[in-house]
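Structure record follows, encoded as structure tokens.
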Amino acid sequence: MHDLYGPAGRSEWMDVDWSEHQRWVCIEERWVNVIDVGSGPPVLLIHGLACWQSWLENICFFARDHRVIAIDLPGFGASPLPLEPISITGYARILNALCEELGVERAAVIGNSMGGFIGAELAIRFPGRVERLCLAPAIGLNMEWVRAERKKNISSIIENILFFVLLWFAVRSDIPVLRPGLRKRLLALIVAHPERLPGALILAVVRGSGRLIAVPAALEAMTRYPIRDRLGEIACPTLIIWGADDRLVPVQDADEFEWLIPESRKLIYQDTGHMPMLERPGRFNADVRAFLEEPVLPPPAVRARPMRVTGQR
């Protein structure tokens, strides 16, 4: 049951009045849209190039015994653009300020895609704020290479253009979600089996993503910041969850993250793409819950690693 692709039965989130859990928090002179639900140890969810609705299959599960905080990053979803130019460091600073504003001293941080990149930066810049970290998965190790390679490949350029045209259309119409062919094209880069995910879930995520105004600046911010050499500074327990069929970030990057982050381990989900929390919600929720329930030990001394030589991509 836990390893099913997609949700089983009617999802709990469909019966929630999310307006009851919505808060607007002023951070750095800008209002940020936040979902704040449940009570208990805090869990902070950070989306990628989407919105807080990326976590719809997970929020209710963890809110049973945790305080779950899911943010629309500035420039995404309902949150307006930040005053300062978008940067990974800036997003980490905003999240730290948000935790301060909400009275969250330490949290378990779970990030998907760019959200994993930001979560890693939060753990580096503000280590006292992050009790444990889950990268599910994280982009960031080879962004410059990815951008260069995709520019060389005309089919990838067409694929990207089609994706953003369809996504723009989907924000304004239900047609791309309701028509199987367009739905598959819309999500083929992101999930392994678009046709097996509920239309209501896809529509909620696409509609929540808003106008996509921050996407170009966010992509540029990721390519400008080489985080690889700083990952060794992450001192909290880290769980890395990756889809074996991720078309956006190669599964080999999971090995690199595991190598570079001292107290980390990885789980690879077969037949899964870039959004394991939506594609395999049963397994994802169970694996992350087990991770959250592990005792937090005092950080060990930084362990020495043997020299490793890797070739350039």
Q: Could you list all residues from segment 241-259 that are under 18 Å from Ile190 (Cα atoms) and open to solvent by less than 10 Å² (accessible area, probe 1.4 Å)?
A: Ile241, Trp242, Gly243, Val249, Asp253, Ala254
Q: Scan segment 30-45 and give yes if some residue there is touching an Asp or Glu at 6+ places or on another chain (Cβ under 6 Å) and at positive phi, otherwise no.
A: yes
Q) Right, Asp36: more than 20 Å from Ile118 (Cβ to Cβ), of a type outside the set (Ser, Thr, Tyr) and surrounded by fewer than 20 Cβ atoms within 10 Å (Cβ to Cβ) or not? A) no
Q) Within segment 107-141, restricting attention to residues that are of a type in the set (A, V, I, L, M, F, W, C), over 23 Å from Gly40 (Cβ atoms) and outside any helix (DSSP H, G or I), which residue is modelled with the lowest pLDDT? A) Leu141
(Q) Please verify whether Asp36 is under 20 Å from Glu279 (Cβ atoms) and either modelled with pLDDT of 95 or more or of a type in the set (Asp, Glu) (or both), treating the condition exactly as stated. (A) no
**Q.** From Trp24, Trp31, Trp55, residue being touching a residue at least 40 places away in the same chain (Cβ under 8 Å), open to solvent by 70 Å² or more (accessible area, probe 1.4 Å) and under 27 Å from Leu219 (Cβ atoms)
**A.** Trp31
Q: Within segment 17-54, track down each residue that is part of a loop (DSSP other than H, G, I, E, B) and under 30 Å from Asp271 (Cα atoms).
A: His47, Gly48, Leu49, Ala50, Cys51
Q. How many of the residues in segment 42-52 are in contact with a strand residue (DSSP E or B) (Cβ under 7 Å, 6 or more places away or on another chain) and open to solvent by 10 Å² or more (accessible area, probe 1.4 Å)?
A. 3
Q | Output for segment 203-238, where each listed residue is under 24 Å from Pro80 (Cβ atoms), aliphatic (A, V, I, L, M), open to solvent by less than 20 Å² (accessible area, probe 1.4 Å) and part of a loop (DSSP other than H, G, I, E, B) | A | Ala214
Q | Long-range neighbours under 9 Å by Cβ, at least six apart or interchain, first residue under 12 Å from Leu197 (Cα atoms) within segment 1-17, second β-branched (Val, Ile, Thr) | A | Tyr5/Thr272
Q) Which one of Pro262, Pro281 is touching a helix residue (DSSP H, G or I) at 6+ places or on another chain (Cβ under 9 Å), of a type outside the set (Lys, Arg) and buried (at least 22 other Cβ atoms within 10 Å of the Cβ)? A) Pro281
Q: Can you give me the number of residues within segment 96-136 that are open to solvent by less than 30 Å² (accessible area, probe 1.4 Å) and at positive phi?
A: 1
(Q) Suppose we filter segment 60-95 for residues that are closer than 20 Å to Glu20 by Cα, open to solvent by less than 10 Å² (accessible area, probe 1.4 Å) and in a helix (DSSP H, G or I); how many remain? (A) 1
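The values are calculated or read from the model by the stated rules, or taken from the named source; none is laboratory data. Quick caveat, the model's predicted, so the values are computed rather than measured. Quick reminder, even Gly has a Cβ in these numbers, built from the backbone with ideal geometry, and neighbours come from all protein chains shown. These accessible areas exclude ligands, DNA and RNA; they are computed on the full protein's heavy atoms, side chains included. Shrake-Rupley method; radii C 1.70, N 1.55, O 1.52, S 1.80 Å.
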